[in-house]
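A short write-up of the structure that comes next.
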Amino acid sequence: MKIAKVIVDVPASSINQTFDYLIPERFQDILAAGMRVIVPFGPRKVMGFVVGKTDESSFGKLKEIEDVLDLTPALTGELLELGKWVAEETLSLHITALQAMLPQVLKAQYKKELTRMGEERLPDALEELFAGRDVILFEEFTASSIPYSQLQKSVQDGVISIEYLVKSKITKKQVTMIEPAKEPHQLEEAMQDLSKNARKQQQMLFYFIDNPAPVEKKQLLKMLDLTDSTLNTLIKKQLLTSKRKEVYRNPYRDETFAETVALPLTPQQEEAIGLMKDSIADRQHDVYLLHGVTGSGKTEIYLQAIQDVIEQGKEAIVLVPEISLTPQMVKRFKGRFAGNVAVMHSALSAGEKYDEWRRIQRKEVQVVVGARSAIFAPFENIGIIIIDEEHETTYKQEDQPRYHARDVAIQRAKTHACPVVLGSATPTLESYARAKKGVYKLAVLTKRTNEQSMPAVEVVDMRQELHAGNRTMFSRRLKEQIETRIQKGEQVVLLLNRRGYSTFVMCRNCGHVKECPHCDIALTYHKNSNRLKCHYCSYEEPMPINCPECASDLIRYFGTGTQRVEEALTQLIPEASVIRMDVDTTRRKGAHEKLLNQFANKQADILLGTQMIAKGLDFDNVTLVGVLTADSMLNLPDFRAAEKTFQLLTQVSGRAGRHELSGEVTIQSYTPDHYSIELASEYNFQEFFKKEMAMRKTFYYPPYVFLALLTISHENQVTAVQTTQKVVQMLLEKVSGDTTILGPTPSAITRVKDRYRYQCMVKYRNEPNLRENINEILGSFSEEMRKNDLLITVDMQPYHLM
Ligand code: ADP
Ligand code: ZN
Ligand code: ZN
């Protein structure tokens, strides 16, 4: 077949289709669907995906493919199909959906190199091209007349590998390596000459006599419990030398993981896994909702179900929220499956992510553990897909393509005829309702594996604290509890329940609040840099000395950010040592992990942080969990506010008393009677489900209806409103009588980056043509979108209603 169908990398809705290109002779034998190519497009050259081949084209004169970027397809046939499905489901551009499935490195054009692998002789022409070198530039190959098919074969045989030159400044790090400067027998002689008192020097020399290989300095000193001064003395004596070495950072490479074996299961676990194993054996697609309290052994079930899948020669995808992709979680999978696991998360550099992806592509591993995008792992024989903490909203992507990993998981599992397991202590209303209706199969774990009961939860009414004259953010009860723990040498986790927790700047004289000049939002004060920053655009400015309105110098920062809480805490309890975890302290790569390790090593009494500390942490010495402001989320304009509050409180309570020491939980609240707080303190999921379902029914929200959110934005406010009005009108003409259309409503933050944003919300039960209709409406605005900088975005499953 001489013609390729190509999806080109031109992100515009008018180009959302395949284009035909002629396949030149030199690519005839090698080109396959799923490969990336370079094609001429108008005056430009763009990247594209080959999605199929054909002999005939309805287009007139065809242009030729200029270059082929892959010799092995980057996307499998299944993923190509899935990309089409994702694009259709989420109303995204086909190209965007395809690119979402690939690691960053493959989205851009990087320089390539050919590396020869091993000593094996290459075909003559290639041997000549390499001319004794181990690595050559890809261009050298393209400049030669060697057929692509020959290179492709060598790549397939594993004698040549194609490497991308990824510049990864972030990940390159230098370490100091120490090695002996003399032969072992010389070191021994030197040791004889040392005075008897030089015990430390002897100890270090001893080490190198036994282990002459270079060792990282930090590791060496830690291992021997010695200091720089001993080392420096030996370097001065020219017995040891130090050199700098560049290493690529891989958080897990150097670690060894203690091997674990399958635990004998509890009867409840047996029952749950039995069902899943049946589905695996029968190659049957089922969705399981594994509803189990924290510590009930869900992860052990995942591990054993995966074991089953591996034994059948199949593969497993495990999704965990980015935030719980902690070393502790990774350790459990690596401990059980060792080198058979790839790990994908955002802390990896582009190069490292690509390396992990390639291990999957090359079938070097059977298990991937990763955040949302790992759902697109290029496995071809999937036996199970697991989504842990299925209620987490991070499974929904908030950019194009706006997919939910749960939907993609189910779609892939249908193709592979395998089960999906959704695990949670606090399932979403959507999933639990489906399980009750029998759409999903429900498996329940009600007991903790250590037979310990869930920690007792106490709710403190903060209104009464105010009445009693306590104006601090710590109730008397919580303060007293913290002090007791510190005395006993036990540890405390304190949670600030709020997203976007921030400090704003206000003038005490005139009340002026500093706002972003481009967005309708107060600027956030950053203490470290003493600057004001906008969290919606990149705008920032120095903290003013005088109020820009009234020139008073009484301009101050307000709000209870984590920094402020930390200050207040150390004022109240001076002897407390605190580790603070928030976006500021965890921005740097590896910081998250480091802080957690410090806390685990008992270097602080209190771990204070935002949502990011609520999940997956497992510290044996934590006996008190405090929630400072349980209700701060309840006031947000979000119909899921109560659900999110319930989930968070339940999750965080599960952090206490996981081990021998029993734990307590104290929740501070201004609305202690709110059902989400009351029922969370009783661990009463069933009752919460009932109450919240009734609310959703009354107010006509999911799971009783589906939502679609259209956001229209433009620099001119009138244009934005009027366009939204038109969109609402057009939708009303197309939908059925049962469907509600709301709008135009200004978005919660109406102006962002100098653009006004208005919304139209569709609430529907059965609207089979909705996607088509919306597409048609988008089409009718395409001219205006292109020429007039109008933007319309569609979210078919909105989570952020703001
Ligand atoms: P979850 O994922 O539901 O929070 P985990 O799988 O982390 O629960 O289990 C909690 C603890 O119980 C872990 O330390 C785990 O090793 C242990 N555990 C799990 N299953 C068993 C079992 N069948 N017997 C003994 N201990 C178990
Ligand atoms: Zn002022
Ligand atoms: Zn801004």
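The values are calculated or read from the model by the stated rules, or taken from the named source; none is laboratory data. The model shown is predicted, which means the values in this text are computed figures rather than measured ones. Virtual Cβ from ideal backbone geometry, glycine too; neighbours counted across all protein chains shown.
Here R508 passes the criteria (1) of a type in the set (K, R); (2) in contact (Cβ under 8 Å) with a residue 60 or more places away in the chain; (3) within 16 Å of ligand 2 (Cβ to nearest atom) except the one numbered (2). From the list A576, A604, the one residue that fits, being within 26 Å of T623 (Cα to Cα), aliphatic (A, V, I, L, M), more than 16 Å from ligand 2 (Cβ to nearest atom) and more than 32 Å from the chain's Cα centre (by Cα), is A576.
Of all the residues in the stretch 408-423, those that are surrounded by fewer than 24 Cβ atoms within 10 Å (Cβ to Cβ) and either assigned by TED's automatic domain parsing to the domain that holds L98 or touching a Gly at 6+ places or on another chain (Cβ under 9 Å) (or both) number 1. Go through (1) touching a Pro at 6+ places or on another chain (Cβ under 9 Å); (2) buried (at least 17 other Cβ atoms within 10 Å of the Cβ) one by one and return the number of the condition M796 breaks. The single condition M796 does not satisfy is (1).
For the stretch 510-546, the tally of residues that are within 16 Å of ligand 3 (Cβ to nearest atom) and either of a type in the set (K, R) or part of a loop (DSSP other than H, G, I, E, B) (or both) stands at 16.
Scanning the stretch 525-578 for residues that are under 19 Å from S475 (Cα atoms) and among the hydrophobic types (A, V, I, L, M, F, W, C) returns V565, A568, L569, L572, I573, A576, V578. Scanning the stretch 111-139 for residues that are loosely packed, with under 12 Cβ neighbours inside 10 Å and hydrophobic (A, V, I, L, M, F, W, C) yields a count of 2.
Yes or no: the stretch 543-561 includes at least one residue that is more than 16 Å from ligand 1 (Cβ to nearest atom), at positive phi and either over 27 Å from the mean Cα position of the chain (by Cα) or at pLDDT 90 or above (or both). Scanning the stretch 543-561 turns up at least one residue that is more than 16 Å from ligand 1 (Cβ to nearest atom), at positive phi and either over 27 Å from the mean Cα position of the chain (by Cα) or at pLDDT 90 or above (or both).
In this structure, A656 does not qualify as in contact with an Asp or Glu (Cβ under 9 Å, 6 or more places away or on another chain), in a helix (DSSP H, G or I), at pLDDT below 95 and hydrophobic (A, V, I, L, M, F, W, C).
Against the conditions (1) touching a residue at least 12 places away in the same chain (Cβ under 8 Å); (2) in a helix (DSSP H, G or I), Q202 satisfies every one except (1).
Scanning the stretch 288-322 for residues that are away from ligand 1 (no atom under 14 Å from the Cβ) and at positive phi yields a count of 1.
Checked against (1) buried (at least 18 other Cβ atoms within 10 Å of the Cβ); (2) farther than 25 Å from E451 by Cα, L290 meets all criteria but (2).
Just one of the listed residues (E390, E380) is at pLDDT 95 or above, within 16 Å of ligand 1 (Cβ to nearest atom) and not in a helix (DSSP H, G or I), namely E390. Looking at P123, P40, P73, P103, just one residue is touching a helix residue (DSSP H, G or I) at 6+ places or on another chain (Cβ under 8 Å) and within 25 Å of R26 (Cβ to Cβ), and that residue is P123. In this structure, I301 qualifies as outside any strand (DSSP E or B), over 16 Å from the mean Cα position of the chain (by Cα), buried (at least 22 other Cβ atoms within 10 Å of the Cβ) and touching a residue at least 12 places away in the same chain (Cβ under 8 Å).
Take the conditions within 25 Å of E664 (Cβ to Cβ) and of a type in the set (S, T, Y) and apply them to T585. Does it pass? It is false that T585 is within 25 Å of E664 (Cβ to Cβ) and of a type in the set (S, T, Y).
Of the numbered criteria (1) at pLDDT 95 or above; (2) touching a helix residue (DSSP H, G or I) at 6+ places or on another chain (Cβ under 8 Å), the one T671 fails is (1).
A single member of T524, T503, T426 is modelled with pLDDT of 85 or more and of a type outside the set (A, V, I, L, M, F, W, C), and it is T426. The set of residues in the stretch 435-448 being touching a residue at least 60 places away in the same chain (Cβ under 8 Å) and more than 18 Å from I385 (Cα to Cα) consists of V444, L445, T446, K447, R448. Being surrounded by fewer than 19 Cβ atoms within 10 Å (Cβ to Cβ), more than 30 Å from I482 (Cβ to Cβ) and of a type outside the set (D, E) is a property that holds for C537.
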